[in-house]
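Only one structure is covered here, and it is reproduced in the block below.
The numbers here are math on the coordinates, done by the rules we state, and not lab data. As the structure is a prediction and not an experimental result, all values here were calculated from the model. Using ideal geometry, Cβ is built from the backbone for each residue, glycine included, and neighbour counts are taken over all protein chains shown.
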Amino acid sequence: MPELAELKLTADYVNRSAKGKHFYAVQKNPEHKGQLFDVPFNEFIIHTRSRGKELILFLESVDNQDTLPIRMTMGMAGHFRLTRTGEENKHAHLKFLSRDGYTLSFVDVRRFGKWKPKETWSSNRGPCPMTEFEEFKQTIMDNLDKKVFDKPINELLMDQKYFNGIGNYLRAEILYRIDAYPFMPARQMIKEHGDQLFDLCKTMPELAYVRGGGEIKDWNNPFKTENDYIRTTGSFFKCYAKKGMAQLIDKTKRRFWYDPKWKVLDMNQEWDYYSGMPNPKAYS
DNA sequence: CGTCCACGTCTAC
DNA sequence: TAGACCTGGACGG
C-alpha cells in the first residue's frame with residue numbers, strides 16, 4: 001500500500017488527473033459498504049492533499065465557494081485511476097464523472113480503503129513526518145513519558161498517532177539503517193538515536209516517493225519516466241522482504257524484517273544469547 | 001484443488 | 001489480543 005510515499009503519489013495523480021476537469025456526479029459501487037453521499041453542487045472541481053496515510057479529496061463547487069471534503073484511507077491496495085467513462089476498473093468503488101467523458105475512480109481490490117464525507121484530518125493521527133517534520137518530532141518529544149513508548153521501537157513505528165504514514169515496509173527500511181537493536185524500547189531508541197530515527201522517518205518516504213512508491217508490487221507510479229528508471233537504478237528495498245534478512249511475526253501479526261545481526265534465536269528467552277540484547281518478548 | 005501471503009486498520013470478547 | 005474485513009497471486013499436491 002500505500003504507505004506515506006504512495007499516498008503522496010496518489011494525491012499527485014488525482015491533482016493531475018482532475019486538472020481542468022469539471023465533474024458533475026458521484027457513483028458508488030453497491031458492493032462496497034462505504035457511505036453513498038450526494039455532492040450538493042451542479043458542477044465541481046477536485047483537488048486533494050495527503051498527510052501520512054490519509055488523503056482528503058476537496059470537491060469544490062464551480063458556482064460558489066462551497067467545498068465538500070472527503071477523508072480517505074487507501075487500505076492495502078487502494079489507488080485512483082482516470083479512465084474513459086464506461087471503461088472503469090472492475091474494482092472501482094467510488095467514481096467521479098467528468099463533463100468531458102472521463103471517470104476518476106477509487107480502485108481498491110480488497111475494499112479495506114475507506115471514505116468519509118465532511119471530514120478532514122483525523123485527530124487520532126499525528127503530523128506527517130515528511131510534510132510536517134517539526135511538528136512530527138515535537139509531538140513525540142512532548143509525549144515521551146507516556147507508557148506507549150515502553151513498547152519495542154519496531155512496534156511503535158506502526159502507531160499512526162505518532163508515526164502517521166509509516167507502515168510495514170518503511171519501519172523495516174528505517175530500522176535497518178540504524179545501527180541499534182530494533183526491538184529496544186522506543187523511548188530508549190529515541191533518546192539514543194532520535195535524530196537519526198526522525199530523519200529516516202522523513203528521508204525514507206522521500207526516497208520511496210522519488211522512486212515511484214518503493215517499487216512495490218502492484219503499485220506503479222503512473223508518472224515515472226525513463227529518466228526516473230535510469231536515475232534510480234537498484235531497488236529501494238535493502239531489508240523488507242529481502243533474501244538473507246531476518247524476519248518474525250510481531251505481536252500484531254505483521255511480519256517484521258530486520259538485520260540478521262540482531263537475530264532473535266529463542267523467543268522464549270528474556271535475553272537473546274546471540275545478540276546479547278533483550279528479547280522483544282520481554283517487552284510485550 | 002488447497003494453503004499461505006500481501007504496502008492496514010477496526011471492533012468485539 | 002484474536003478475529004474480521006476482502007481479493008487474488010504464488011506455490012504445493
>> Rounded to the nearest 20 debye, what is the charge dipole size of the range A:1-76 about its Cα centre when +1 sits on each Lys and Arg Cβ and -1 on each Asp and Glu Cβ?
In response: 240
> Over 21 Å between Cα atoms, which of A:K191/A:K242; A:K53/A:K202; A:K116/A:K202; A:K21/A:K116 qualify?
Replying inline: A:K191/A:K242; A:K116/A:K202; A:K21/A:K116
>> Let me check against my output: what whole-number percent is the relative contact order of chain A, with C-alpha pairs under 8 Å and at least 6 apart?
In response: 16
>> What is the sum of charges, Lys and Arg at +1 and Asp and Glu at -1, for the other residues whose Cβ falls under 13 Å from the Cβ of A:F44?
In response: -3
>> Could you derive backbone 3J(HN,Hα) for the range A:157-163 from the dihedral phi with the Karplus parameters 6.51, -1.76 and 1.60 (θ = phi - 60°), listing whole Hz in sequence and x where the residue is Gly or Pro?
In response: 4, 8, 7, 6, 5, 10, 10
> 222 nm [θ] for chain A, helices only, -39500 (n - 2.57) per DSSP H run of 4+, per residue, to 500?
Replying inline: -7500 deg cm²/dmol
> When the Cα centres of the range A:117-176 and the range A:192-210 are compared, how far apart do they sit, in Å?
Replying inline: 12
> If r is the Cβ-Cβ distance from A:D100 to A:R254 and R0 is 51 Å, what FRET efficiency results, to the nearest 0.05?
Replying inline: 0.75
> Tell me, what is the FRET efficiency for A:A180 and A:E134 to the nearest 0.05, using R0 = 35 angstrom and their Cβ-Cβ distance as r?
Replying inline: 0.90
> Roughly what % of Cα-Cα distances in chain A sit above 25 Å, to the whole percent?
Replying inline: 51
> With each label point set 7 Å from Cα along the Cα-Cβ vector, what nm distance links A:K238 and A:Q27?
Replying inline: 4.8
> Do you know the relative contact order of the range A:4-117, to the nearest whole percent, from alpha carbon pairs under 8 angstrom that are 6+ apart?
Replying inline: 28
> Relative to the present Cα-Cα distance, how much length would full extension add between A:E119 and A:K161 at 0.36 nm per residue of separation?
Replying inline: 13.4 nm
>> Can you give me the long-range amide H partners of A:V39? Hydrogens built in the peptide plane at 1.01 Å from N, cutoff under 5 Å, separation of 5 or more residues or another chain.
In response: A:V26
